[in-house]
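Student: Have a look at this one before I ask anything.
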Amino acid sequence: MSTDVVVVGGGPVGLGTAVYAARAGLTTTVLEPRDGDVDKACGEGLMPGGLAALAGLGIEPPGYPLTGITYLAPGVRASAAFRSGPGRGVRRTVLHRALRTAALASGVELRSCAASDITAEADRVVVSCGDGSTLSAGHLIAADGLHSPTRRRLGLDRPADRRPRFGQRRHFRVRPWSDRVEVHWGRSAEAYVTPVAEDLVGVAVLTGERASYDTHLRQFPELVARLDGAEPATDVRGAGPLRQRAAAPVRGRVMLVGDASGYVDALTGEGISLGLAHGRAAVDAIVSGRPESYASAWRAVNRVPFAATGLLLRATEPAWIRKRIVPAAATLPWLFGAALHRLEGAS
Ligand SMILES: Cc1cc2nc3c(=O)[nH]c(=O)nc-3n(C[C@H](O)[C@H](O)[C@H](O)COP(=O)(O)OP(=O)(O)OC[C@H]3O[C@@H](n4cnc5c(N)ncnc54)[C@H](O)[C@@H]3O)c2cc1C
């Protein structure tokens with residue numbers, strides 16, 4: 001079996017990338033071992049740039065419109081509106097279904113396969129599935145997530161350069177009380193509240209401390225009061241360590257996109273938007289006949305979000321700065337708005 005492009009991983013970035021490839025006229029196969037509407041620990045806020053990228057592919061997943069971001073700490077809040085259009089809270093399962101439907105409609109082949117071996121040759125890449133079948137492709141795009149087996153297999157994994165952080169999320173059956181993503185800043189964690197439907201709100205907790213979801217949530221009395229009596233609608237799911245690094249995003253005919261290509265943190269909520277921008281850049285590089293040009297495109301896409309997220313993480317590590325982050329954003333609303341604007345656009 002042979003194809004122009006094989007995408008390893010059928011998460012949002014892999015499926016989005018496959019749609020870009022198919023629309024560019026490349027025969028495309030996605031390898032993904034999980035069936036059904038795939039779920040994952042995620043804040044589920046699509047930033048305006050990511051939503052626009054999906055719309056450009058004709059994909060309009062249903063969800064809850066988002067108009068901006070609010071930072072909160074006890075007794076103080078700072079809020080900024082998106083300037084480049086709305087975002088949307090979308091359940092991962094809903095997003096997965098929309099992307100899979102679009103991929104199939106674009107002629108993408110979806111194959112149930114856990115890629116187990118990759119051999120790069122001069123003019124093609126050969127992938128083996130766990131069941132012994134193989135697939136030969138002109139190029140391979142790895143979108144196999146935070147702990148990318150492809151990144152490891154190619155020797156592109158690099159050790160993390162900061163203390164590990166983890167994410168956990170759960171949904172609650174409650175009517176959204178805001179059309180902005182709320183980021184509650186606690187002593188050692190942040191809680192992200194994203195409405196994803198008329199009667200469903202997701203709450204993701206990010207932290208470097210190991211404890212249960214409920215233990216972390218107790219840091220946020222205002223939020224706990226909001227959720228009082230709301231029935232949990234999903235189990236707790238976790239992910240991490242969030243920080244992942246790759247030595248390079250391309251090696252020969254293999255390219256890494258999305259979380260597989262490296263990840264800073266979920267603190268600024270643009271992982272899906274960034275990954276879709278990687279996917280488009282990888283396909284452009286293949287179509288141009290210069291796959292190596294993906295490296296500079298990848299760096300250009302990441303520059304602002306990686307720098308901003310890294311800066312915010314480092315700056316808010318000392319407890320005395322953490323305490324002041326929301327009051328500072330409230331005192332300097334123009335700066336908060338401008339910073340948000342820089343992050344809303346990856347597409
Ligand atoms: C707590 C938390 C909150 C977040 N909040 C947001 C947010 O609000 N907004 C946002 O945009 N982003 C957010 N993110 C980041 C976002 O979830 C990721 O950036 C996004 O899921 C990346 O998509 P992906 O397709 O690259 O990887 P994934 O979604 O991880 O998909 C990878 C896929 O690869 C498959 N795979 C793995 N190994 C193999 C193999 N050997 N063969 C074939 N397939 C394989 C997996 O089964 C999986 O389906 C958050 C992340 C966390 C942890």
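Student: So Ala22 passes all but one of these: (1) over 19 Å from the mean Cα position of the chain (by Cα); (2) within 28 Å of Val326 (Cβ to Cβ). Which condition number does it fail?
Tutor: Status for Ala22: all satisfied but (2).
Student: Just give me the residues in the stretch 1-45 being out of contact with any His (no Cβ under 6 Å at 6 or more places or on another chain), more than 10 Å from the ligand (Cβ to nearest atom) and under 23 Å from Leu200 (Cβ atoms), in sequence order.
Tutor: Gly36 - this is the single residue of the stretch 1-45 that is out of contact with any His (no Cβ under 6 Å at 6 or more places or on another chain), more than 10 Å from the ligand (Cβ to nearest atom) and under 23 Å from Leu200 (Cβ atoms).
Student: Further question on the same structure: Kindly indicate whether any position in the stretch 206-219 is under 17 Å from Arg77 (Cβ atoms) and either of a type outside the set (Val, Ile, Thr) or at pLDDT below 95 (or both). Reasoning before the result, please.
Tutor: Step one: list which residues in the stretch 206-219 are under 17 Å from Arg77 (Cβ atoms), which gives 219.
Remaining after also requiring either of a type outside the set (Val, Ile, Thr) or at pLDDT below 95 (or both): 219.
Yes, some residue in the stretch 206-219 is under 17 Å from Arg77 (Cβ atoms) and either of a type outside the set (Val, Ile, Thr) or at pLDDT below 95 (or both).
Student: Now for a separate question. Residue under question is Arg253, and the condition is that it be among the charged types (D, E, K, R), open to solvent by 30 Å² or more (accessible area, probe 1.4 Å), under 26 Å from Leu99 (Cα atoms) and more than 16 Å from the chain's Cα centre (by Cα); does it hold?
Tutor: Working: among the charged types (D, E, K, R): yes; open to solvent by 30 Å² or more (accessible area, probe 1.4 Å): yes; under 26 Å from Leu99 (Cα atoms): yes; more than 16 Å from the chain's Cα centre (by Cα): yes.
So Arg253 fits the description; yes.
Student: Might you let me know whether the stretch 207-227 holds any residue that is more than 21 Å from Gly87 (Cβ to Cβ), surrounded by fewer than 17 Cβ atoms within 10 Å (Cβ to Cβ) and within 12 Å of the ligand (Cβ to nearest atom)?
Tutor: Within the stretch 207-227 (the criterion being more than 21 Å from Gly87 (Cβ to Cβ), surrounded by fewer than 17 Cβ atoms within 10 Å (Cβ to Cβ) and within 12 Å of the ligand (Cβ to nearest atom)), the answer is no, since none of the residues qualifies.
Student: In this structure, is Gly289 part of a loop (DSSP other than H, G, I, E, B) and out of contact with any His (no Cβ under 8 Å at 6 or more places or on another chain)?
Tutor: Here the answer is yes, as Gly289 does meet what is asked.
Student: Another question, then. Just for the stretch 116-127: of the residues that are within 15 Å of the ligand (Cβ to nearest atom) and open to solvent by 30 Å² or more (accessible area, probe 1.4 Å), which one is nearest to His171 (Cα to Cα)? It would help to see each step written out before you state the result.
Tutor: Taking the stretch 116-127 as the starting set, the residues that turn out to be within 15 Å of the ligand (Cβ to nearest atom) are 116-119, 125-127.
Next, from what is left, pick out any that are open to solvent by 30 Å² or more (accessible area, probe 1.4 Å): 116-117, 119.
Working: Ser116: 34, Asp117: 36, Thr119: 41 Å.
Restricting to residues being within 15 Å of the ligand (Cβ to nearest atom) and open to solvent by 30 Å² or more (accessible area, probe 1.4 Å), the top hit is Ser116.
Student: Determine whether the stretch 161-179 contains at least one residue that is among the aliphatic types (A, V, I, L, M), at pLDDT below 95 and more than 14 Å from the ligand (Cβ to nearest atom). So that I can check it myself, show each step before the final result.
Tutor: Start the filter on the stretch 161-179 by keeping residues that are among the aliphatic types (A, V, I, L, M), which leaves 174.
Going one step further and asking which of them are at pLDDT below 95, we end up with none.
No: the stretch 161-179 contains no residue that is among the aliphatic types (A, V, I, L, M), at pLDDT below 95 and more than 14 Å from the ligand (Cβ to nearest atom).
Student: Additional query: On the basis of being acidic (Asp, Glu) and either within 12 Å of the ligand (Cβ to nearest atom) or closer than 30 Å to Ala328 by Cβ (or both), does Glu231 make the cut? Talk me through it step by step, then tell me what you get.
Tutor: Numbers: acidic (Asp, Glu): yes; either within 12 Å of the ligand (Cβ to nearest atom) or closer than 30 Å to Ala328 by Cβ (or both): no.
Answer is no for this residue.
Student: Identify, please: which residue in the stretch 128-146 is within 15 Å of the ligand (Cβ to nearest atom) and in a strand (DSSP E or B) and is, among those, surrounded by the most Cβ atoms within 10 Å (Cβ to Cβ)? If you could, list the steps in order and put the result at the bottom.
Tutor: Kept after step one, since they are within 15 Å of the ligand (Cβ to nearest atom), are these residues of the stretch 128-146: 128-135, 137, 140-146.
Still in the list and also in a strand (DSSP E or B): 128-129, 134-135, 137, 140-142.
Working: Ser128: 16, Cys129: 17, Thr134: 12, Leu135: 21, Ala137: 24, Leu140: 26, Ile141: 36, Ala142: 33.
Here the residue is Ile141.
Student: Go through Asp259, Asp235, Asp265 for me and flag whichever is modelled with pLDDT of 95 or more, of a type in the set (Asp, Glu) and open to solvent by less than 50 Å² (accessible area, probe 1.4 Å). Before you say what the answer is, go through the steps one by one.
Tutor: Numbers: Asp235 fails: open to solvent by less than 50 Å² (accessible area, probe 1.4 Å); Asp265 fails: modelled with pLDDT of 95 or more.
Unique residue meeting the criteria: Asp259.
Student: From Ala277, Ala295, which residue is more than 9 Å from the ligand (Cβ to nearest atom), open to solvent by less than 20 Å² (accessible area, probe 1.4 Å) and more than 19 Å from the chain's Cα centre (by Cα)? Show your work before the answer.
Tutor: Numbers: Ala277 fails: more than 19 Å from the chain's Cα centre (by Cα).
Every option except Ala295 fails the conditions.
The values are calculated or read from the model by the stated rules, or taken from the named source; none is laboratory data. Because the structure is a prediction, the values reported are computed rather than measured. Counting neighbours? That spans all protein chains shown, and the Cβs are built from the backbone with ideal geometry, glycine included. Surface areas here come from the heavy atoms of the whole protein model, side chains and all, with no ligands, DNA or RNA. Shrake-Rupley method; radii C 1.70, N 1.55, O 1.52, S 1.80 Å.
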